[in-house]
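Right, one structure below, let's go through it.
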Amino acid sequence: MSEEQSFEQMLNESFKTIRNGEVVEGTVLDVKPDVAYLNIGYKSDGVLTKDEYSNESGLDLTTKMQPGDKIEVKVKKVNDGEGQVILSYKSLAQEKGNKRIEEAFENQEILTAPVSQVLKGGLTVLVEDTRVFIPASLVSDVYEKDLSKYAGQEIEFRITEFNPRRRRIIGDRRHLLQERKAEAAKELFARIQPGDVVEGTVKNVTDFGAFIDLGGADGLLHISEMSWGRVENPHKNFHVGDKVTVLIKDIKEDKIALSLKFPDQNPWIEAADKFAVGTVVRGKVARMTDFGAFVELLPGVDALLHVSQISRQHVDKPSDVLQIGEEIEAKVVDFNAEDHKISLSMKALENDRRDETEE
């Protein structure tokens, strides 16, 4: 045996033997955006492409490793035909991910993972590079037409189906949210009662009122309870996301009625002094009917001016002589504090002034 043959034999013997499927540790020699080269203690360096590193889209390997880093990989092919050893970090991670997911499935553990893809039918999340599919129907406890807002987000879910052989691993976020909402609602109902003042967030606005999220359950703020004054359109007064302080008016089973009519702000408290019978008042015509006009004396305090009390002359209907928003002067002829009713008369005031003139 020549010295040259002896040296080559010794050199080959100094390298370890590797097999397909074997897990080895490598040291990064060089890394580019789409490929990295590793020293794995074999006569040939190992090649790790970005596709064999992860399923992550738009991946740049230079953001994941640098020369000198040590990384555990799996030998995918000892010789690719060109003397290179093809390595895979992804398959090793997927094996670990499958094991992790199987444990979570058996224990019904809550997992947290980033959303890697938003698909037409749901979301794909990665658990240690193992894909978990969450159908659109299991993404949220409310219907969501557009799932794009979840892209790149970390979300929590449970594994409800685990069959790696069929590559079927299903996650469920909806029931997790429902459980948490039920628990939050239970805690909320345990601590609130009618008369409490609480803070909430406007969740939805309709023509008849607004739904307020109280942190566990929604309460309804009906249009009639939005102000001591008259509210024509809730959409002008409230917007989704607004923070509001509300009064819990009533609780019936799982329904919460809310109000912004705080008792200490009730304008009728001072109305008895301001609008006693015989007082001459000024107000704006707020709305009209065939039998009369309602005049706003204060926000929340309206008085009725009956059609027969508009003038000494005969008036068929209020709109013949009055306009919405017009300011009028009249005399209080009746005050009912209990029923919150005030009656006005322009005719009585006209008669008083005529009598004064005659005197």
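The values are calculated or read from the model by the stated rules, or taken from the named source; none is laboratory data. The structure displayed is predicted, hence computed values, not measured ones. Using ideal geometry, Cβ is built from the backbone for each residue, glycine included, and neighbour counts are taken over all protein chains shown. For accessibility, only protein heavy atoms count, side chains too; no ligands or nucleic acids. Shrake-Rupley method; radii C 1.70, N 1.55, O 1.52, S 1.80 Å.
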Go ahead and estimate [θ] at 222 nm for the chain from helices alone: -39,500 (n - 2.57) per DSSP H run with n ≥ 4, summed, over the residue count, rounded to 500. -6000 deg cm²/dmol
Long-range alpha-carbon pairs in the stretch 276-349, meaning those over 17 Å apart, account in percent for 34
Roll a 1.4 angstrom probe over the protein heavy atoms and tell me the percent of accessible area of the stretch 17-175 that is carbon or sulfur. 43
In whole Å, largest first, what are the principal axis extents of the Cα atoms in the stretch 81-222? 79, 32, 23
Provide the solvent-accessible area of T112, counting protein heavy atoms only and rolling a 1.4 Å probe, rounded to the nearest 10 Å². 80
Just to confirm, what accessible area per residue do you get for the stretch 234-356 at 1.4 Å probe, in whole Å²? 59
With a ≥ b ≥ c the root eigenvalues of the C-alpha gyration tensor of the stretch 34-83, is it rounded (a/c under 1.5), prolate (a/b larger than b/c) or oblate? oblate
List every residue whose amide H lies under 5 Å from the amide H of D242, counting only residues 5 or more places away in sequence or on a different chain, with H placed 1.01 Å from N in the peptide plane. V202
Taking the stretch 80-164, the whole-percent share of alpha-carbon pairs separated by over 18 angstrom is 48
Between the residues L87, V118, P234, the Cα farthest towards the positive end of the dipole of the chain, that dipole coming from +1 and -1 charges on the beta-carbon of Lys, Arg, Asp and Glu, is from L87
Looking at this model, which pairs from K99/K120; K77/K99; K181/K252; K186/K341; K77/K149 are more than 30 angstrom apart at the alpha-carbon? K186/K341; K77/K149
For the stretch 180-269, what D do you get in µm² per second when you plug the Kirkwood radius from alpha-carbon pairs into Stokes-Einstein at 4 °C and 1.567 mPa s? 97
I'd like the carbon and sulfur percentage of the solvent accessible area for the stretch 249-342, probe radius 1.4 Å, heavy atoms only, ligands and nucleic acids excluded. 46
Calculated P(r) tail over 40 Å for the chain, as whole % of Cα pairs: 51
Between V332, V28, L214, whose Cα lies farthest towards the positive end of the dipole of the chain when Lys and Arg beta carbons carry +1 and Asp and Glu beta carbons carry -1, centred on the Cα centre? V28
